[in-house]
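One structure is given here, and the rest of the page talks about it.
The values are calculated or read from the model by the stated rules, or taken from the named source; none is laboratory data. All values reported here derive from a predicted model rather than from experimental measurement. Methodologically, a virtual Cβ is constructed for each residue, glycine included, from the backbone with ideal geometry; neighbour enumeration extends over all protein chains shown.
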Amino acid sequence: MPDFDLTPLRAALADLAPQGRTALLPALHAAQSLYGYLPEPVAAEVGRALGVPLADIHGVIDFYSMFYREPAGNTILRVCADPACALRGADSILNAMCRRAKVMPGDTSFDGRYTIERTTCLGLCNAAPAVNITQYDPATQTSGDISFARVAPDALDDLFAARGRGADDFVGGDLNLITVLCGRGRAATLEEYETVGGMQAAKRALRKMTPQQVIDEVKQSGLVGMGGAAFPTGVKWEGAAKAPGGPKYFVVNADESEPGTFKDRVLMEGDPCRIIEGAIVGAYAIGASKIYFYIRGEYPTATERVQSAIDELRAAGYLGKNILGSGFDLDIEVRRGAGAYICGEETALFESIEGKRGLPRVKPPFPVTHGLFGKPTAINNVETLSKVPYIITHGAAAFRRYGTEKSAGPKLFCVSGDVARPGVYEVPFGITIRHLLDDLAGGVEGGKLQTILFGGAAGAFATEKDLDVRLTFEDLRAAGLPLGSGVVMVFNETRDMRDMLLRLTKFFAHESCGKCYPCQLGTQRQMEIIERVREGKMLPGDSERLTDVGWTMTDASLCGLGQTAASAVLSAMKVWPELFGKKKSEVRSRKSEGKGGKKVVAKKQKR
Amino acid sequence: MADVTLTIDGKAVSVPAGTTILKAAQGIGEHVPTICFHEHCTANALCRVCVVEVEGARVLSPACVAQVSEGMKVQTRSERVQRSRRTILEMLDSAVDLSEAESIQPMLKEYAADGERFADGARRDHPLLDDNPMYIRDYAKCVLCWRCVQVCADDAQYTYAINFGKRGFETSIATFFDKPMPATTCVFCGQCVGVCPTGALKPKREWLLQEGATPDEIMQATRAERRRKRKA
């Protein structure tokens, strides 16, 4: 084993060590940035400095896919393998890259320069295909991350030199209550945010309202969580505010990783102050003096911009001691994830902040009483918090002018796939799918509509007949479609949905944490069966196996990941029973008889 | 504490508040199967074979940790419950060598789990690890119940010699950089061996006997290794 000079590591750990185990992920990020990976002596030094058992260090490194125990290439290129990128040719880019570097996906080139990996959704579905790159410079012992969008197959030279372009997000819709400063290719400054009424809510809340008044206003607004679970935000805050014990914590969940979801990234990259203002108001409401802002590891630009916004807000007196002269102290710390979808599950996210493997906890107890570090905690999604300033500044009634009784206010949808204008759309709850798809996003591209995946990998498929369903919680529920995190992924009639299903099931198999049996075993078995479905080599009884595995995961899994890991497959079995019951040849021949309407199985894409 | 009244499979039962459904069911002679649960370990509700159907709940509830509440209606063998238990057992049987899992074998029978149903799926085949004089680790038999990791840590010994490797289906029990046990903080207390339900952890002598070694050979093997360990 080569010798490692641990001097720079010890210097880097000096600041983190007093925090103990909670600083484990920051320490591992810092160490990997110095050495390019986490060799044994480096991992052992991190353990010693933070007082974490070495076996636990191993467990944590192994859990997060962006940490490496083996030498990785100086340039790590991660190509998204999920549906939206696949539709735009991500596979051919991956293959071209592998040929160039002479490696197989997942391997490091012989000269140690490149590691090329398939990765899960990078949140750039609107600008697919996407590649995330980590570049390590052994000479200076520094490392940096960047994501590139709209990667063209002829841009390999640029990619290998870590050059490319960002997302240039399109933000559209019928409203701009929360996205007014988004989609401009840069983050709005605090000053710009203030010119559109920004920070008025923080001032109003802290100077003129009691925490209970803030909670009441949010409750009256009908605001619910936008991460997928739709829990009433005001009720959550009230629970944390009333919970005995302390200190209390406020957590921003920016671990957006659901395939097809990129709204939170667009908000963080465009208007980070708005999110932080929402969190300041929330922290005040529950009586927390510390906010953790947890951003997924694959979002380097968002992380940078949120951090700059925090610096700006702190300098302007919106964070720190006695903010706005209210006597209220509030600090905020940004935490980076390291490649684990499960950390978007709130209790897994707490574990991650605590320096552990991101494994969901058994609920109850719930976070409002037993959250981060076992203390009362409110945790909210980025989009949810972006709506809070409007509610506090203009009042719950103004917020309720938009949307329906049960689905109040504006909503962001992430439109991607085969549409003319993929992007984030801010609309009032209650418009139809057709309006979003045709009028706003420019309609289906490359053929007729085959299907829309709603709610992400954990979602369900809509078809032509659903286009007039209104986008509200109540209407979608009646139509059997989940709103989830606002994913609207469009597939035209030429797409092979079996290939898309395989990608979704691979996603869950890769992202299952492995804690509970139904999901640990079920995501693997589900993927294996869908592999046979895609190859047209189903075994007798596979359809029943899929149903049993699916319902067992749904009914018996410990957390939301397992409980929704079969959602898309079970939905597909309803929408296209022929894909699961008959052999490929039979389906093909039915189509060639000119059955009309939707084509289910089209020519396989060139892979 | 005040008593709570609920019904389990139609039978009314009163138990102190805070009782788990598992204990309440056991109290009236209803058998709820468990794999990961152990009286002396923190319950993590991860094997999910103890799930039961609670009226009004969206998903099934793990009986080992779910507490009773007033008026609760519990079904311990509804169709949903049976399907989940059977499928979990079938999937487990297809991934792990359960041949020495004495507590799980009767469950496979009771739930008519078809061991061949997922036979073509990936198995967790791990080579047997024989790296110390006290016990062997045969992780092809490991069901990831977590008991060994827990007794090695805060549930008993505070030794922290083992944790996990990888995640998802590929999760395994692991030491720091996969070092052999004598190179870890292991104190060879044997508690992990004691709580292992599947024979994945086994006293070295028991294993050598099974392998057909004579008592003399066993003494020879373990003594020599112990001496080596002392020197190291």
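With the requirement that a residue be under 29 Å from residue A:474 (Cα atoms) and aromatic (Phe, Trp, Tyr), what does region A:192-236 give you? Scanning region A:192-236 gives a single hit, A:231. Do we find that residue A:467 is outside the structural domain of residue A:570 (by TED's automatic domain parsing), at pLDDT below 95 and touching a helix residue (DSSP H, G or I) at 6+ places or on another chain (Cβ under 7 Å) in this structure? Taking the combined requirement at face value, the residue does not satisfy it.
Anything in region B:25-39 that is aliphatic (A, V, I, L, M), assigned to a loop (DSSP other than H, G, I, E, B) and more than 12 Å from chain A (Cβ to nearest Cβ)? List them, or say none.
Hits for region B:25-39 are B:28, B:32.
Within region B:40-66, the set of residues being under 22 Å from residue B:13 (Cα atoms) and more than 7 Å from chain A (Cβ to nearest Cβ) comprises B:50, B:52, B:53, B:54, B:55, B:56, B:57, B:61, B:62, B:63, B:64, B:66. Exactly one residue out of A:181, A:206 is at pLDDT 95 or above and farther than 30 Å from residue A:248 by Cα, and it is A:181.
Residue A:465 meets the conditions (1) away from chain B (no Cβ under 11 Å); (2) farther than 22 Å from residue A:122 by Cβ; (3) touching a residue at least 12 places away in the same chain (Cβ under 8 Å); (4) of a type in the set (Lys, Arg) in every case but one. The failed one is (3).
Checking A:521, A:539, A:481 one by one, the residue that is touching a strand residue (DSSP E or B) at 6+ places or on another chain (Cβ under 8 Å) and not assigned by TED's automatic domain parsing to the domain that holds residue A:86 is A:481 and no other. Looking only at residues of region A:100-126 that are part of a helix (DSSP H, G or I) and at pLDDT 95 or above, we find that the one that is surrounded by the most Cβ atoms within 10 Å (Cβ to Cβ) is A:125. Here residue B:69 clears all of (1) away from chain A (no Cβ under 12 Å); (2) farther than 30 Å from residue B:123 by Cβ except the condition numbered (1). Per the listing B:6, B:22, the residue uniquely more than 12 Å from chain A (Cβ to nearest Cβ), outside any helix (DSSP H, G or I), touching a strand residue (DSSP E or B) at 6+ places or on another chain (Cβ under 9 Å) and not charged (D, E, K, R) is B:6. As a summary of the residue check, residue A:120 satisfies the conditions (1) over 25 Å from residue A:185 (Cα atoms); (2) of a type in the set (S, T, N, Q); (3) within 14 Å of chain B (Cβ to nearest Cβ) except for the one numbered (1). Filtering region B:82-92 to residues that are more than 7 Å from chain A (Cβ to nearest Cβ) and buried (at least 23 other Cβ atoms within 10 Å of the Cβ) leaves B:85, B:89, B:90. Apart from one condition, residue B:201 fits all of (1) within 13 Å of chain A (Cβ to nearest Cβ); (2) surrounded by 18 or more Cβ atoms within 10 Å (Cβ to Cβ); the exception is (1). Scanning region A:26-41 for residues that are within 11 Å of another protein chain (Cβ to nearest Cβ) and aliphatic (A, V, I, L, M) yields a total of 1. For region A:285-309, the set of residues classified as in a helix (DSSP H, G or I), out of contact with any Lys or Arg (no Cβ under 7 Å at 6 or more places or on another chain) and of a type outside the set (S, T, N, Q) consists of A:285, A:300, A:304, A:305, A:306, A:309, listed by residue number.
The condition of being crowded, with 23+ Cβ neighbours inside 10 Å, in contact with a Pro (Cβ under 8 Å, 6 or more places away or on another chain) and among the aliphatic types (A, V, I, L, M) holds for only one of A:275, A:342, A:280, that being A:342. For residue B:164, the requirement of being farther than 16 Å from residue B:46 by Cβ, at the interface with another protein chain (Cβ under 7 Å from one of its Cβ atoms) and either in contact with a His (Cβ under 9 Å, 6 or more places away or on another chain) or surrounded by fewer than 17 Cβ atoms within 10 Å (Cβ to Cβ) (or both) is not met.
If only residues of region A:510-561 that are facing chain B (nearest Cβ under 9 Å), of a type in the set (Gly, Ala, Ser) and not in a loop (DSSP other than H, G, I, E, B) are counted, the one that is farthest from residue B:144 (Cα to Cα) is A:556.
Selection over region A:515-555 of residues that are aromatic (Phe, Trp, Tyr) and surrounded by 24 or more Cβ atoms within 10 Å (Cβ to Cβ) gives a count of 1.
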